[in-house]
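Please read the structure below before turning to the comments.
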Amino acid sequence: MEAVRGISFAVGRGTIFGILGPNGAGKTTTIKMLSTLLIPTSGTAEVDGFDVVRDEVHVRRRLGVLFGGDKGLYNQLSGRENLRYFGRLYGMPGDLIDRRTHELLDQVGLTTRAKERVESYSRGMKQRLHIAKTLIHRPPVVILDEPTIGLDPAAAIEVRSLIADLSPEHTVMLSTHDMHEADALCTELAIIDRGLIVAAGTPGELKAAAPVDRQVLIEVVGPLVGASALLNELAGLSSVLDISHEVGACDALTLRCIDSTAALDQGLAVLRRSGASVRAIEVRDPTLEDAFLGATGRAFEPPASGAGEDPR
Amino acid sequence: MSVARSSVTVKTPSRPGPGQARVVVATARVFLLRFASNPIMVIRGPLGPFLVLLTFHLAYDVSGQEQVAGLDATGFLVVGMLGTLVWSSTVWGAGNALQAEIYQGTISAVVAAPQRLSSVILGYGVGSMLFNLPALAVSIVTGFLLGADFRIEHPAAALLALLCLYACCLCIGIGFGGLFLLSRQSNALSNFLQGPVYLLAGFFVPRSALPDWLHLVSDVLPISHAVDALHKTVLSGASVGQIWPQLGATALTSLIFLAGGMAGLRRLDDVVRRRGTLDLL
């Protein structure tokens, strides 16, 4: 079975590059190949200029990898002991390990819990320790596989904040199925599905290419007064393509537009001048979900909460 | 695929591996910290050898056998118990450690680090052996209590034989380490490896009692020669000069296991990474 095929991408130094895709798309397989844990059947891959098959030791020294799931730490050891051991595995001298451990525990907010066994940590704390472990040897390249999967919203926000701070010191490759996470964190993205990259670019470019309309929905209090003239004026706005009007207890207007920000500004200005009171506004810009839909022809299916990635 | 493609020249260290000795020490420490946190393991360690020794002693006593292959029976059993402890440490510490990493979910992080896997296996072996030191002491004390006739005339020779026993077991541990990486039935594999050596290495029955063909198989194992050296130094008062043949045979067979094990580990590591089964239970 081919888990991935024909994948090709380059990640710029100091950027956060996202691999976005549903369960089983090939994200973890790609990460395992880049982190030398899986030898590709064909093709080549380089990390920081080193081939992942021929120069695996060099690749490993330059790479910090956070593997998905809630495992990967020694539960019977303290957070500090975990960091110390992984520092040793990367050949770091004792004094440097002590310094980095101190810095990282502070950075991920675990200083006060550093001496406690990891088994007593919450899921979010474990994931923050995972990130510290990934950074212990100051790798130029960091790969994060589903770093927020299974976390509660507050913990996920904390972890995302840590990830955002990694750039530009580290080049980050982030695998995620979370559209909002990818949109918020990534400089560039590759959307992967069934082992293929189906679209790539900045989040803005991907969303711009999505085959869906930008829309501004405005609901006014009561029926519009002078609706016909008002609709003509709105339809004539430079940013508006066309307009639809739904009559009800509170009239609703849908502006299909080129630029939703401009359409909203101009539309509201027109309505204020007419004396209409705005009750609700909704802006519908294309999302990465729309981009996925456009690239694959089917809707994005996020995994069930806490579900892992593909087994390979 | 290329991650972090840049025009920046990265300096490649001339020696890609980190200090392997430090990895061994750190891994041994991790082993001790993990197992020392388990009270059952701490209690079970010394209690097991005491009970086993007592059982075999009573069995020999009931049969009226005071000598084994011309050696004091109780002393023979104590030496066998030392061999058992060191060998068990090897199987359940060194080899099985990789499976423990898989269960713990840390195997990917360990393999993705640039150290040699053999250093991690060695570290677990050392940690396991250190963890078993109290059991070793209990075995010796039990031997004294049961009236073992120890005749150590050259303590340095006895110590050297004991160290050889440890060293050869570590070599065997590395020899079999790759199998644990490949196998997903680590408990069965551990038991499979553990049992036959009890017989072949002459822990509780003398090797001289083995049929000829089995004696030949026994000769292939470094641990058999190390135990022979221990018998001679601890129960017959042999000096270093008198155990060179056993030490030489231990060294030679250990090197074969070590070399084969290192090559096998690299090969099996490659196989597992091609199959993508490294972290699968």
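Numbers below:
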| item | result |
| --- | --- |
| Residue order, fewest to most surrounding Cβ atoms within 10 angstrom, among A:Met92, A:Met33 | A:Met92, A:Met33 |
| Computed [θ] at 222 nm, deg cm²/dmol, chain A (DSSP H ≥ 4; -39,500 (n - 2.57); rounded to nearest 500) | -10500 deg cm²/dmol |
| B:Val240-B:Ala188 FRET efficiency (beta carbon distance; Förster radius 56 Å; 0.05 resolution) | 0.90 |
| Region A:127-197-region B:221-253 distance, computed between alpha-carbon centres (Å) | 57 Å |
| Likely footprinting exposure, B:Tyr166, B:Tyr103, B:Tyr124, fewest C-beta neighbours within 10 Å first | B:Tyr103, B:Tyr166, B:Tyr124 |
| Label-point gap, in nm, between B:Ile152 and A:Ser238 - each point 7 angstrom along Cα→Cβ | 9.6 nm |
| Peptide-level mean, for B:264-276, of C-beta atoms on other protein chains within 10 Å | 2 |
| Helix-only CD estimate at 222 nm, as mean residue ellipticity for chain B, using -39500 (n - 2.57) per DSSP H run (n ≥ 4) | -23500 deg cm²/dmol |
| Candidate lysines for bridging to A:Lys32, where Cα separation is under 22 Å - those fewer than 8 sequence places away on the same chain excluded | A:Lys71, A:Lys126, A:Lys133 |
| Other-chain or far-sequence residues with amide H under 5 Å of B:Gly276's (modelled H) | A:Ile39 |
| Cross-link partners of A:Lys115 among aspartates and glutamates (Cα-Cα below 17 Å; sequence separation of 8 or more within a chain) | A:Glu81, A:Asp98, A:Glu103, A:Asp106 |
| Local net charge near A:Val65, Cβ-Cβ under 10 Å (Lys/Arg +1, Asp/Glu -1) | +2 |
| Sequence-distant lysines (8 or more away, or on other chains) whose Cα lies within less than 24 Å of A:Lys207 | A:Lys27 |
| Amide proton proximity set for A:Leu189, modelled H, under 5 Å, gap of 5+ | A:Gly18, A:Gly201, A:Thr202 |
| Partner chain coverage, peptide B:22-31 - average Cβ within 10 angstrom | 4 |
| Order of B:Ile40, B:Ile102, B:Ile174 - criterion: other Cβ atoms within 10 Å of each residue's Cβ, fewest first | B:Ile40, B:Ile102, B:Ile174 |
| Number of partner chain Cβ atoms within 10 Å, mean per residue of A:81-94 | 6 |
| GNM top mover of B:Thr142, B:Thr74, B:Thr233 - chain B, alpha-carbon springs below 10 Å | B:Thr142 |
| Whole-number percent relative contact order across chain B, with pairs defined as alpha carbons under 8 Å at least 6 apart | 26 percent |
| For A:Thr44, net neighbour charge (Lys/Arg +1, Asp/Glu -1) across residues whose Cβ lies under 10 Å away | -1 |
| In sequence order, calculated HN-Hα J values of region B:179-193 (Karplus, 6.51, -1.76, 1.60; Hz; x Gly/Pro) | 4, 5, 6, 7, 7, 10, 10, 5, 5, 5, 5, 4, 5, 4, 6 |
| Distant-in-sequence amide H partners of B:Val68 (H built 1.01 Å from N, under 5 Å) | B:Ala73 |
| Per-residue HN-Hα couplings for region B:116-132 [Karplus 6.51, -1.76, 1.60; θ = phi - 60°; Hz; x = Gly/Pro] | 7, 5, 4, 5, 5, 4, 4, x, 5, x, 4, x, 5, 5, 5, 4, 8 |
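No lab work stands behind these numbers, since they all come straight from the coordinates. Quick caveat, the model's predicted, so the values are computed rather than measured. Every residue, glycine among them, receives a Cβ derived from its backbone with ideal geometry; neighbour counts consider all protein chains shown.
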